[in-house]
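Student: Supplied in structure tokens, the structure appears directly below.
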Amino acid sequence: MQGLSVSLVLIAVLAVAAPLAARSLERVVKVPIVVFEIVLGMLLGPSLLGWVQSTQFTDTLADFGLAMLFFVAGNEIDFTTIRGRPISRASAGWLISLVAGIGAGFALAPAPEAAVIIGVALCSTALGTLLPILRDAGEAKSPIGIAVTAVGAVGEFGPLIAISLFFSGRQLGTASGVLFGFVLLTGLAIYLASQARHTMFHAQVTRTLHTSAQFAMRTIMLILSALVVLSMVLGLDMLLGAFAAGVLWKVAIARAPEEDRKVIETKIDAVAFGFLVPIFFIDTGIDFELGALVASPATLAMVPLFLVLLLVIRGLPSLLAAPPRSASAAKRAMVLFGATGLPIIVAVTAIGRDHGLITSGISSALVGAGMLSVLLFPLLALRQIHPAQIHPNTNSSQYEAGP
């Protein structure tokens with residue numbers, strides 16, 4: 001109990017220290033807050049100082065944080081803006097990335113299971129990190145912003161489907177049927193929610209928005225819990241349920257008064273990024289096996305290798321979704337945005353490591369490459385789009401990771 005108490009307090013200290021550290025360096029370099037959360041977790045974790053230990057309770061909170069991260073991603077996607085050409089071309093690019101990623105996985109780790117883990121990690125895109133960046137840069141509704149959103153949506157939803165099929169423990173046909181059933185049920189719920197006016201529901205949300213009843217937030221937790229549990233009962237990855245819950249909530253609340261929706265979004269951000277999500281990334285740093293990464297030069301060399309593979313395997317196919325007649329700078333930005341990945345990489349490698357499918361060294365190298373991609377690629381991409389607007393006084397919030 002004493003160890004748990006100390007760990008909880010220190011994790012809370014790190015959660016406060018991360019944005020302060022990001023703020024202190026913003027005049028020199030824009031570092032996403034998620035990088036500080038992971039690095040601080042590594043610093044105080046078993047890999048270095050050993051002051052914080054991962055416990056079952058903190059791991060459970062971290063799982064809630066990961067689920068909330070993907071709920072926010074599903075809630076922030078505007079499917080009306082990415083339908084048609086953007087989403088179809090982004091899907092085609094992701095399939096190319098998946099095949100190329102698994103091929104690279106076989107070259108690095110001949111075992112089929114390890115190849116799939118590496119391939120899925122390399123074909124992911126950190127949508128939750130990119131959406132706030134695009135929004136704060138004023139590009140969310142621009143042609144390139146819409147294209148990046150489509151690439152990010154497929155880059156998070158696609159790997160979730162692939163992981164669910166791979167880890168279902170069933171024959172491919174049965175697993176596909178179960179996945180199709182889940183998608184069908186979720187799609188039906190989303191369709192019904194989009195057709196109803198929800199007058200009484202919205203009225204209850206409005207009445208309790210500033211009271212202790214907090215009907216909206218309680219409903220969000222119900223939807224999130226129900227779909228996460230349903231996905232787990234069906235043998236699918238829980239993140240698929242969390243992502244679908246975000247989409248379902250967005251549809252259910254779409255016709256509520258705009259002022260109420262803005263207040264609810266603020267509350268969601270507070271719960272997600274003020275509490276649960278930081279615990280997930282700090283816990284990732286605590287569990288990061290630095291010793292396995294630096295154990296041999298070959299393992300350490302995998303970090304820049306995986307970073308390059310993210311650019312080639314995930315970034316280049318993202319060009320398929322680039323707006324027609326895009327300039328060269330916009331195309332370079334698409335490559336960099338598409339290759340930005342971390343949450344899926346963390347989740348996939350953790351599962352692969354826990355099941356003994358990949359080594360701790362490969363897992364740490366992939367996570368290290370994901371951290372570098374979040375640190376470098378969005379900033380470089382923005383310099384391609386707005387070279388004159390990126391200066392030391394730019395608002396640091398646009399570099400802070402969402403989902």
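The values are calculated or read from the model by the stated rules, or taken from the named source; none is laboratory data. Owing to the predicted nature of the structure, the values given are computational and were not obtained by experimental measurement. Neighbour counts run over all protein chains shown; Cβ positions are idealised from the backbone, glycine included. When the accessible area is computed, the model is the full protein with side chains, heavy atoms only, and any ligands, DNA or RNA have been set aside. Shrake-Rupley method; radii C 1.70, N 1.55, O 1.52, S 1.80 Å.
Student: Quick check on the chain: helices-only [θ] at 222 nm, where DSSP H runs of length 4 and up contribute -39,500 (n - 2.57) each and the sum goes over total residues. Nearest 500, please. The partial results should precede the final answer.
Tutor: Numbers: 19 runs with 289 residues, N = 403.
Computed mean residue ellipticity for the chain: -23500 deg cm²/dmol.
Student: Moving on. For the range 1-80, what is the Kirkwood hydrodynamic radius in Å, using each pair of distinct C-alpha atoms?
Tutor: Values: mean 1/r = 0.0700 Å⁻¹.
One decimal place: 14.3 Å for the Kirkwood radius.
Student: Here's something else I'd like to know. What list of ³J(HN,Hα) values in whole Hz, one per residue of the range 343-353 in order, does the Karplus curve 6.51 cos²θ - 1.76 cosθ + 1.60 (θ = phi - 60°) give from phi, with Gly and Pro shown as x?
Tutor: In residue order, the calculated couplings are x, 5, 4, 4, 5, 5, 5, 5, 5, x, 5 Hz.
Student: Something else now. Full-extension gain between VAL312 and GLU26, please, as 0.36 nm times their residue separation minus the C-alpha to C-alpha distance. Write down the numbers at each step before the final one.
Tutor: Values: separation 286, 0.36 × 286 = 102.96 nm, distance 2.92 nm.
The VAL312-GLU26 span can extend by a further 100.0 nm.
Student: Based on the Cα atoms of the chain, what semi-axes does the equivalent ellipsoid have, where each is the square root of 5 times one gyration tensor eigenvalue, given in whole Å with the largest first? Intermediate results must be reported in sequence, preceding the final value.
Tutor: Numbers: eigenvalues 169, 128, 115 Å².
Whole-Å semi-axes of the equivalent ellipsoid: 29, 25, 24.
Student: Quick check for you: with a 1.4 Å probe and neighbouring chains kept, what is the accessible area per residue of the chain, in Å²?
Tutor: Working: 17130 Å² over 403 residues.
Solvent-accessible surface per residue comes out at 43 Å².
Student: Taking Rh as the Kirkwood radius, which is the inverse of the mean 1/r over Cα pairs, what is the Rg/Rh value for the range 1-154?
Tutor: Rounded to two decimals, Rg over Rh is 1.04.
Student: Report the Stokes-Einstein translational diffusion coefficient (µm² s⁻¹, integer) for the range 211-281, Rh taken as the Kirkwood radius over Cα pairs, at 37 °C with viscosity 0.692 mPa s. Write out the running numbers ahead of the final one.
Tutor: Values: Rh = 13.1 Å.
Calculated translational D: 251 µm²/s.
Student: Debye sum, Cα scatterers, the range 197-250, no solvent: what log₁₀ I/I(0) at q = 0.13, 0.29 1/Å?
Tutor: -0.38, -1.01
Student: Could I ask something else about it? Which order do HIS202, HIS210, HIS355, HIS386 take by accessible area at a 1.4 Å probe, largest first? Before the final figure, lay out each step's value.
Tutor: Numbers: HIS202 15, HIS210 150, HIS355 120, HIS386 35 Å².
Correct descending sequence by accessible area is HIS210, HIS355, HIS386, HIS202.
Student: Moving to a separate point now. For the range 149-293, state the semi-axes of the equivalent ellipsoid (square roots of 5 times the eigenvalues of the alpha-carbon gyration tensor), sorted largest first and rounded to whole angstrom. All intermediate terms of the calculation are to be shown ahead of the outcome.
Tutor: On the way: eigenvalues 176, 102, 32 Å².
Listed largest to smallest, the semi-axes of the range 149-293 are 30, 23, 13 Å.
Student: Give me the percent of Cα-Cα pairs in the range 280-384 that sit more than 16 Å apart, rounded to a whole number.
Tutor: Details: 3228 of 5460 pairs.
I get 59 percent for the Cα pairs in the range 280-384 exceeding 16 Å.
Student: Dipole of the chain, Cα-centred, from +1 at each Lys and Arg C-beta and -1 at each Asp and Glu C-beta, to the nearest 20 debye?
Tutor: Approximately 1120 debye in magnitude.
Student: Ignoring ligands, DNA and RNA, please state the percent of accessible area on the chain from carbon and sulfur, probe 1.4 Å. If you can, show how the numbers build up before the last one.
Tutor: Numbers: 11590 of 17130 Å².
Carbon and sulfur atoms account for 68 percent of the accessible area of the chain.
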